[in-house]
Amino acid sequence: MKKIKEVLVVEGKDDTKAINRAVNADTIETRGSAIDEDTLALIEKLADQRGVIIFTDPDFSGEKIRKIVAEAVPNAKHAFLPKKEGRPDKAGGSLGVEHATPDAIRAALDHVYTETDAAPELITHADLMAAGLIGGAGAKQRREQLGELLQIGYVNGKQLEKRLRMFGIQPATFAHAIAQLNATSKEEFHE
């Protein structure tokens, strides 16, 4: 089983159980989006000692926790689980890492990003418009698919440009993902 050097920041004990089925890793649990000061201080200390990977649920609360931790630990790494991989088997449950398969967890942890300071704007607002990612019919679905292809999570139209810049997504990588999106769209159209 693969060993992860960094400590994974997760939301709860069920996330820890799911991760331990997939990889050998230590976790720290935030126990919800109201992270207390002691937990945040511990995360900061662990970041200095071993590094941390923020691996929260692919939902609003998970993004809120990600922002709080990233603000406290700017050098934190980020792993994203696609929404479809975090869906519960039973109706009525919420999205979460705890529902992911070991393969989905390993795939997310194989594509970890670190925020880059003052990264240049490589992909412009006009690029996003031209790619159909903002301001048009189907833009939300295309952003969700792009987030999965690049493994950067889902963000709304206003945040997409910032997320791409934050993780230093290169224009060639972006163009390749858009080509994949367009090919998928054409296949669906012809069926």
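The values are calculated or read from the model by the stated rules, or taken from the named source; none is laboratory data. Keep in mind that what you see is a predicted model, and the values were worked out from it rather than measured. No Cβ is skipped: glycine too gets one built from the backbone with ideal geometry, and neighbour counts run over all protein chains shown. Just so you know, the surface numbers come from the protein's heavy atoms only, side chains and all, with ligands and any DNA or RNA stripped out. Shrake-Rupley method; radii C 1.70, N 1.55, O 1.52, S 1.80 Å.
See the values below:
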quantity: Percent accessible area from carbon and sulfur atoms, the chain, protein chains only, probe 1.4 Å; calculated: 51
quantity: Normalised contact order of the chain, rounded percent, pairs of Cα under 8 Å and 6 or more residues apart; calculated: 18
quantity: Peptides 50-62, 123-135 ordered by average Cβ neighbours within 10 Å, highest first; calculated: 50-62, 123-135
quantity: Listed peptides 172-179, 96-103 by packing density, highest first (mean Cβ within 10 Å); calculated: 96-103, 172-179
quantity: Calculated FRET efficiency for the pair Asp103/Glu71, C-beta based, R₀ 45 Å, to 0.05; calculated: 0.90
quantity: Probe 1.4 Å, accessible area per residue of the stretch 1-114, Å²; calculated: 52
quantity: J(HN,Hα) series, the stretch 91-100, from Karplus relation 6.51 cos²θ - 1.76 cosθ + 1.60, nearest Hz, glycine and proline x; calculated: 5, x, x, 9, 4, x, 4, 4, 8, 6
quantity: Relative contact order [Cα under 8 Å, 6+ residues apart], the stretch 121-191, whole percent; calculated: 33
quantity: Under 28 Å from Lys2, Cα to Cα: lysines that are on another chain or at least 8 residues apart; calculated: Lys13, Lys17, Lys45, Lys67, Lys77, Lys83, Lys84
quantity: Additional length obtainable on full extension of the chain from Lys90 to His125, 0.36 nm per residue less Cα span; calculated: 8.7 nm
quantity: Highest-first arrangement of 76-87, 154-165, 38-49, where packing means the average Cβ count within 10 Å; calculated: 76-87, 154-165, 38-49
quantity: Sequence-separation-based contact order of the stretch 81-166, relative, with Cα cut under 8 Å and 6+ spacing, percent; calculated: 28
quantity: Where a label projected 7 Å from the Cα of Gln170 along Cα→Cβ would reach, residues of the stretch 121-144 with amide N under 19 Å; calculated: 121-124
